[in-house]
1. Can you tell which of T74, T123, T32 is at pLDDT below 95 and in contact with a helix residue (DSSP H, G or I) (Cβ under 9 Å, 6 or more places away or on another chain)?
2. Would you mind finding the one in P22, P10, P17, P6 that is open to solvent by less than 80 Å² (accessible area, probe 1.4 Å) and at pLDDT below 70?
3. Can you tell me which condition I82 does not meet? The list is (1) in contact with a Cys (Cβ under 7 Å, 6 or more places away or on another chain); (2) among the aliphatic types (A, V, I, L, M); (3) not in a strand (DSSP E or B), and all the others hold.
4. Can you tell me how many residues in the stretch 51-74 are in a loop (DSSP other than H, G, I, E, B) and buried (at least 21 other Cβ atoms within 10 Å of the Cβ)?
5. From the set of residues in the stretch 75-91 that are open to solvent by less than 50 Å² (accessible area, probe 1.4 Å) and within 13 Å of the chain's Cα centre (by Cα), which is nearest to P25 (Cα to Cα)?
Amino acid sequence: MSSARPPGLPLVDAMTPAVLVPAGPVTKDQVTGLCDDVRALLEGPGAGVVVCDVGGLGPPGLGAVDLLARLQLTARRCGGRIRLRDPDPALCALLALVGLRFEVEGQPEQREPALGVEEVVETGDPPV
């Protein structure tokens, strides 16, 4: 029995999400194409998350907020979501200011404690 994969077929890890890398300040004309890219990436089997690497997006501003809001809307309509990679802290603050919440790589999900954190219980505490 041979375990070698057929030539020409890429090895795909089903647990690795697709990555979208918008570069530089994105124009309004490019937003539609990037939304189409998100839609195409989410059509794959097991695809529920698209990682958006925003490190090269440029200075945070309303253009970046508009882009990310549209990408998130497109992903939600396709049954998925956007996860940010390498966001500038100012971009995170701006997104929070306008009420947009994104999962960020390397941060624990909401309502989940960070790994390695344990709750301390005092011996005199009543049970909850």
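The values are calculated or read from the model by the stated rules, or taken from the named source; none is laboratory data. Quantities reported herein were computed from a predicted structural model and do not represent experimental measurements. Every residue, glycine among them, receives a Cβ derived from its backbone with ideal geometry; neighbour counts consider all protein chains shown. Keep in mind that these areas ignore ligands, DNA and RNA; they rest on the heavy atoms of the full protein, side chains included. Shrake-Rupley method; radii C 1.70, N 1.55, O 1.52, S 1.80 Å.
1. Being at pLDDT below 95 and in contact with a helix residue (DSSP H, G or I) (Cβ under 9 Å, 6 or more places away or on another chain) holds for just one of T74, T123, T32, which is T32.
2. P6
3. (3)
4. So the count comes out to 2.
5. Among them, the one singled out is P87.
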